[in-house]
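Peer 1: Here's a structure for you.
Readers should treat all values here as calculations from the given coordinates under stated rules, not as data from a laboratory. Just so we're clear, the structure is a prediction, and the values are computed from it rather than from any experiment. With ideal geometry, Cβ positions are generated from the backbone for all residues, glycine too; neighbour counts draw on all protein chains shown.
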Amino acid sequence: MKKSVPLSWLCFLMLLCAGCASASPASGSSTNTHTTAQAQPAQITYVAIGASDTFGTGTRDPYNENWAADLAGMLSPRIHLINLGIPSIRIHDALQAELPVALDSHPRLVTIWLAVNDLANNVPIADYTRDLNTMISRLQASSPGVIIAVANIPDLTVLPYFNNYDTQALRQSIQQYNTAIASVVAQHRVILVDLSAQNYNLQRHPEYISDDGLHPNELGYQQIAKVFAAALRPVLQRAGITR
């Protein structure tokens, strides 16, 4: 897995951020047009922070076939998705490459799924925990009231990509990371999206895995979106975002 963020991705994110601002009505707009625009329900900005599995790697059309896009469609037609997923990125790099775009977007909803690359690259738990704390703290400080959901790590031991790993050691690493994620989530009072065996059971559903043996396929992303939606809906309903 790559250790650096491609320059092309950084340029893409800068352009994406610049395009997030809402266009203001032209000075010559009629009163009726302005009134109609005002009557439209406000858009809800949703930012997805993540790596290749947020970007949509593993499908034929990653820009449209990814779990964040599926989730946005499940939740509300008012949601405007900004998908910041960058393949191969780790959470420390995401603090510089993805978080600034998220902060500038002033989102109402943020999802974070960043852990698999850190685990595969043997990033110490203490470092990962510190960076996750930093990311959530900065989001909450910048956008008070923002709804944040953080996903943990599913059972990677059943993925063909990890066949050469020591299964017991890998399972222990997953448990340590998931314990750290749960602790940070509880500390910041955000939402935990549990991708453990019961919610995203890869052993029972190998059809969720793409041909690369690592990433989900379109069906797998749809299932991940359902797990996120189930965790988010009660909070979003109370906030009046979904019915």
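Peer 1: Taking amide H positions as placed in the peptide plane 1.01 Å from N, state which residues far from ILE79 in sequence (5 or more) or on other chains have amide H under 5 Å from it.
Peer 2: ILE44
Peer 1: Quick check: convex hull of the Cα atoms in the range 41-238, volume per residue, rounded to a whole Å³?
Peer 2: On the way: hull volume 21.5 nm³, N = 198.
Spread over its residues, the Cα hull of the range 41-238 gives 109 Å³ apiece.
Peer 1: Amide H to amide H under 5 Å from ILE209: which residues, 5+ apart in sequence or cross-chain, H placed 1.01 Å off N in plane?
Peer 2: So ILE209 has HN proximity to ASN217.
Peer 1: Another one. What ranking do 101-112, 209-220, 117-128 get when scored by the average of other Cβ atoms within 10 Å per residue, highest first? Working shown, then result.
Peer 2: Numbers: 101-112: 21.7, 209-220: 17.7, 117-128: 15.7.
Put in order of decreasing packing, that is 101-112, 209-220, 117-128.
Peer 1: Gain in length, LEU103 to ASN201, computed as 0.36 nm per residue apart minus the alpha-carbon separation, to one decimal in nm?
Peer 2: Net length gain for the segment: 31.9 nm.
Peer 1: How much of the DSSP beta bridge set in the range 41-238 is antiparallel, as a percent to the nearest 5? Can you show the working numbers first?
Peer 2: Numbers: 1 of 19 bridges.
Roughly 5 percent of the beta bridges in the range 41-238 run antiparallel, per DSSP.
Peer 1: What is the distance, in nm, between label points placed 7 Å from the Cα along the Cα-to-Cβ direction at ASN163 and at ALA126?
Peer 2: Each label point is offset 7 Å from its Cα along the Cβ direction, giving 3.7 nm.
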